[in-house]
Structures are given as structure tokens and as C-alpha cells.
Amino acid sequence: MAVKKDMIRGLDVRTGVLPRTHGSALFTRGETQALVTATLGTARDAQVLDELMGERTDSFLFHYNFPPYSVGETGMVGSPKRREIGHGRLAKRGVLAVMPDMDKFPYTVRVVSEITESNGSSSMASVCGASLALMDAGVPIKAAVAGIAMGLVKEGDNYVVLSDILGDEDHLGDMDFKVAGSRDGISALQMDIKIEGITKEIMQVALNQAKGARLHILGVMEQAINAPRGDISEFAPRIHTIKISTDKIKDVIGKGGSVIRALTGRDRHHHRN
């Protein structure tokens with residue numbers, strides 16, 4: 001079968017595939033598939049990062065898992081390796097641009113992408129699956145995002161840019177250029193090249209072709225879910241914000257802080273300071 005340079009493999013998009021999770025999606029593109037879940041937590045669940053300049057917290061966690069069976073191999077499943085960490089960080093950057101601000105959506109959000117089969121750009125499949133799972137969870141993301149991997153075959157002055165490259169096209173080709181974004185713009189880029197460099201013309205062709213592919217994928221995704229659900233899952237924690245007038249603050253604190261301690265001591269409730 002002849003394959004066109006801008007051809008996108010067959011897509012299958014499903015949401016709500018795991019009913020007990022807060023949000024889930026199964027994104028399949030050709031022989032690449034990602035099962036993605038989104039879980040909501042409170043501010044206490046944010047990841048604490050001990051950095052050179054001090055501690056900070058991260059309320060958006062993105063974990064990417066690539067088990068050996070996804071490419072038909074046997075092997076040990078252990079702690080994440082460099083590839084999984086790197087792909088996870090790329091996918092996270094692709095989604096981070098559309099995440100809501102903490103003051104508007106005061107939840108810690110964890111996305112986990114499990115790659116169940118892979119033949120080309122599982123990280124970009126993870127971006128698509130994450131967008132779907134977040135909307136399924138009721139997270140008010142600013143826009144849906146999708147990703148695609150572009151390839152290049154160059155011989156002298158002649159070249160062709162390929163859309164949605166397979167594993168062999170990645171291995172034998174001259175470029176692996178991943179582009180993620182929404183209908184309005186690009187949120188993440190990553191390029192691996194095996195030649196000395198590419199021209200401005202090649203870059204323009206690759207970006208324009210990637211935009212067409214991205215819009216096509218977003219169109220298919222929107223048929224499954226076109227906006228975040230109106231409410232979060234019944235299994236997710238609920239956070240309610242109550243404004244207290246200044247003259248009532250002393251009553252909330254209580255004598256010697258007794259009321260505050262009683263509230264925060266309850267196991268079933270979390271309170272933000």
C-alpha cells in the first residue's frame with residue numbers, strides 16, 4: 001500500500017474507559033496506544049522538590065511508563081529510566097501550557113500514561129491521551145492539545161518531510177521532530193537530527209505539515225469529548241472555598257487555636273492554609 005508523506009495512521013479515541021478513576025482515556029494511533037489516567041488530589045498531595053535554590057512544590061505531575069511488552073520484549077520492570085523520564089517531561093510540557101491556575105482549580109493533578117503498544121511516538125500519543133483524560137476528569141484545561149512526530153529523508157538537495165513516523169522511519173530517517181500544541185499554537189517542541197542541520201525551508205515545511213496533522217487529530221479527539229466535563233468525578237476529593245469576614249476569624253481559630261486544630265485533625269478532610 002502506498003503511503004502519502006502527510007498520512008496519519010488510523011485513530012481510535014475513547015474516554016471513560018476506567019470508570020473508577022477520576023478521568024481516563026485510551027488513545028490509539030496505528031500501532032501506538034496509550035492508556036492514560038488523571039487523578040485529582042489536594043494541595044497536600046503536591047510534589048515537594050528540593051532544588052538548589054530551596055524547596056518548591058509542583059501541583060501537576062506527569063508520569064510516563066514504557067513497559068517492555070509494549071514493543072514485544074521481555075524485560076524487568078523497575079524504576080523509570082532516562083528515556084521514560086525524558087518522554088514524560090516532554091509530554092508534560094505539551095500539556096502544562098493549558099493547565100488551569102491553582103487559584104481557579106485548587107487541585108493537585110497527576111497524569112499517568114501507560115504505553116500498551118508502540119510503533120512511533122508514544123510520547124505524543126501520551127499528550128493526546130492526557131488531554132482527553134483531563135477533560136474526562138473535569139479539569140478545566142484552556143484547550144485540547146495533541147502531538148505528532150515528523151520525520152525527514154534527505155539526499156543532497158532533495159528531501160521529503162514525513163508525518164506520523166513509524167519506528168523504522170525514525171531509525172532510518174534523518175530527523176525525529178515532535179510537535180505538540182492546540183488549535184491556537186505550539187506548546188512543546190523536540191528535535192533529534194542525524195545530519196549536520198536543516199534549512200529554514202525544511203523547518204517551515206515540517207511545522208506547517210505538523211499543524212495540519214495536529215488539527216486532524218484534534219478533530220477526531222473532539223468527536224469523543226470536545227470540552228471538560230461540567231463536574232469532577234464522584235470519586236474525586238471535593239474542595240470548597242469559604243470566605244470568612246474579618247470579625248469572625250477569631251471564632252474560626254478558637255481559643256488557643258483549638259477550633260483550627262480540631263478541623264485539621266480530622267482524617268477525612270484536608271485544609272489549605
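Quick note: the coordinates plus some simple rules give every number you see, no bench work behind them. It should be emphasised that the depicted structure is a prediction, and the values quoted were computed from it without experimental measurement.
In summary, the lysines within cross-link reach of Lys154, defined as a Cα separation below 22 angstrom excluding same-chain residues under 8 places away, comprise Lys4, Lys5, Lys178, Lys194, Lys200, Lys211. For the residues Ser122, Ser70, Ser24, a GNM of the chain with alpha-carbon springs under 10 Å puts the largest fluctuation on Ser70. As an equivalent ellipsoid, the chain spans semi-axes of 41, 19, 18 angstrom, where each value is the square root of five times an eigenvalue of the C-alpha gyration tensor, largest first. Taking Arg110, Arg56, Arg44 in turn, the Gaussian network model of the chain (Cα-Cα springs below 10 Å) assigns the largest fluctuation to Arg56.
When you restrict to C-alpha pairs under 8 Å that are six or more residues apart and normalise by the size of segment 14-169, the relative contact order lands at 30 percent. Computed 3J(HN,Hα) for segment 206-216, one whole-Hz value per residue from the Karplus formula 6.51 cos²θ - 1.76 cosθ + 1.60 where θ = phi - 60°, is 5, 5, 5, 5, 5, 5, x, 5, 4, 5, 5, glycine and proline marked x.
Within the listed set Thr39, Thr74, Thr246, the residue fluctuating most in the Gaussian network model of the chain (springs between alpha-carbon atoms under 10 angstrom) is Thr246.
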